[in-house]
Amino acid sequence: MDATKKNSGKAAAWFGLCPVRHVLTGLGALLIVLYFALRRSQGAMEAVCYGLVRPLHRLLGRACNVVPFSVGEALIAAAVLAVIVYLVLAIRSLCKKRDWLRGGYRIALTAVMCFCVAYGGFCLMWGCYYEVADFEQSSGISAEGVSAEQLESVTAYFAALVNEYGEGVLRDENGLFAEPLDEIFALSPTLYDEVCESFPCLEGPQLRAKPFFFSQILSLVNFTGFFFPFTAEANINTDSPACLIPATIAHELAHQRGVAQEDEANFVAVLASLENGSAAYCYSACLLAYIHLGNALYKADYDAWLDVYSTLSEGVLADLRNNNEYWAQYETPVSTVSDTVYTGFLQSYGQTLGLQTYGACVDLLVAYYGDAAAEYEGAEQ
């Protein structure tokens, strides 16, 4: 009995060193455990997603929409600064007091707390979206197997579209896409208005995408943008090639409207942009579609890919070269580690193909635009 009391007293003493951190760590760990325990219960996930998270995201999105900068980026920057200041002060205090055991415990617990709170928060604010009906189920569009002939047909169709829309966009002295980014961002709140008439599952508040101030940091980790679930903001890397920024905006806004799967967000970005009709968004979306379709066709039938590729206009080719050259400079160990970590993140939420899920939008593109491609092919013959 005395030993039990003694151990209990020791535990209480350690808890008393930093009680808030212990509580926050416990709460974060509890969220993680509950998420993975209940993730296969669609009823529970739907209750959390539609009863709590979606309304909260709408509220947060509207609140953050009143300021022109990314609140999420400000919070991330503040968190990074706070971590640096904490480490400096903690290490300084540790060296002065030389209480290595207690001081080391506080630092280690703080690191565990940050992980548990951040990951637990992601499980609550974003993970539940992966466990409810996805866009394919909600929209009724069925992505099935794709034949080489279908793939070639739809790739040729989008090559023709990107050429057509490419003639209507502004270009700089080097022949590169040069539509004003301010105008592109200004259009983002109404980008989904038309597509929502056909697909009510994409309904959501009219919110503006936000340029990320430290965009080069995103390029270093191979991110063109991201949706920040704690502020419900679509953050965009504006340092990346401008030709794909409108498509990236449309992609991140798809996440903002509850489309969690990356392959589906790419498809929805193309769908919403073409329904909207803006030349800049249509061109960028068709370029994104062509890249995914072209990459798939390249692997399936190189000669067919070469035939389609030879039809691309000089402006389109210039943008593709610029995009490839830009990202080639960021092929570093940092980007490799980032890809590995993000692949693991996607897989933890059930996207078993990891980063390869970005290529799965090809099936949706072929399923939805196959008839239009066949009509175009017939008219050309």
Handout entry: Span from the the stretch 83-97 Cα centroid across to the the stretch 253-321 one, whole angstrom
Key = 50 Å
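Using heavy-atom solvent-accessible surface (probe 1.4 Å) with all chains present, what is the largest-first order of H22, H251?
Details: H22 40, H251 15 Å².
Ranked list, largest accessible area first: H22, H251.
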Exercise for the section: Quick one: angle between helix 314-328 and the longest Cα principal axis of the chain, in degrees between 0 and 90, rounded to 10, please. Expected result: 20 degrees
Completion exercise
On the accessible surface of the stretch 55-152, probed at 1.4 Å with all protein chains in place, carbon and sulfur together account for a percent value of 69 percent
Exercise for the section: Return the sequence-ordered ³J(HN,Hα) values of the stretch 179-185 in whole Hz as given by the Karplus equation 6.51 cos²θ - 1.76 cosθ + 1.60 applied to θ = phi - 60°, using x for Gly and Pro. Expected result: 5, x, 5, 4, 5, 5, 5
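Could you work out the helix-only [θ] at 222 nm for the chain, with each DSSP H run of four or more residues adding -39,500 (n - 2.57) and the total divided by the number of residues, to the nearest 500 deg cm²/dmol?
On the way: 18 runs with 258 residues, N = 381.
So the calculated ellipticity at 222 nm is -22000 deg cm²/dmol.
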Exercise for the section: Return the single residue from P205, P180, P229 with maximal mean-square fluctuation; model: Gaussian network over the chain, springs between Cα atoms under 10 Å. Expected result: P180
Exercise for the section: For the chain, just give the cysteines left without a disulfide-compatible partner, judged by no other Cys Cβ under 4.7 Å. Expected result: C18, C64, C95, C114, C116, C123, C196, C201, C243, C282, C286, C361
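If I take every Cα pair under 8 Å that is 6 or more residues apart in the stretch 137-236, average their sequence separation and divide by the length, what percent do I get for the relative contact order?
On the way: 59 pairs, mean separation 17.4, N = 100.
The value is 17 percent.
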Problem - Those aspartates and glutamates that a straight Cα-Cα span of less than 20 Å connects to K210, excepting residues fewer than 8 apart in one chain - result: E73, E179, D182, E183, D193, E233, D239, E252, E262
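In debye to the nearest 20, how big a dipole does the chain give about its Cα centre with +1 on each Lys and Arg Cβ and -1 on each Asp and Glu Cβ? Kindly include the intermediate steps, with their values, before the conclusion.
Working: 21 positive and 41 negative charges, 834 e Å.
Once rounded to the nearest 20, the dipole reads 4000 debye.
Based on Cβ point charges of +1 for Lys and Arg and -1 for Asp and Glu, what charge dipole magnitude is obtained for the stretch 242-302 about its Cα centre, in debye rounded to the nearest 20?
Values: 2 positive and 6 negative charges, 21 e Å.
Around 100 debye, computed over the stretch 242-302.
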Fill in the blank from the handout: Note on the chain: contact order normalised by length, alpha-carbon pairs under 8 Å, 6 or more apart, percent, works out to 22 percent
Problem - On Cα atoms only, tilt of 333-348 relative to the major axis of the chain in degrees - result: 80 degrees
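The values are calculated or read from the model by the stated rules, or taken from the named source; none is laboratory data. Predicted, not measured: the structure shown is a model, and the values here were computed from it. Methodologically, a virtual Cβ is constructed for each residue, glycine included, from the backbone with ideal geometry; neighbour enumeration extends over all protein chains shown. All accessible areas refer to the heavy atoms of the entire protein, side chains included, with ligands and DNA or RNA removed. Shrake-Rupley method; radii C 1.70, N 1.55, O 1.52, S 1.80 Å.
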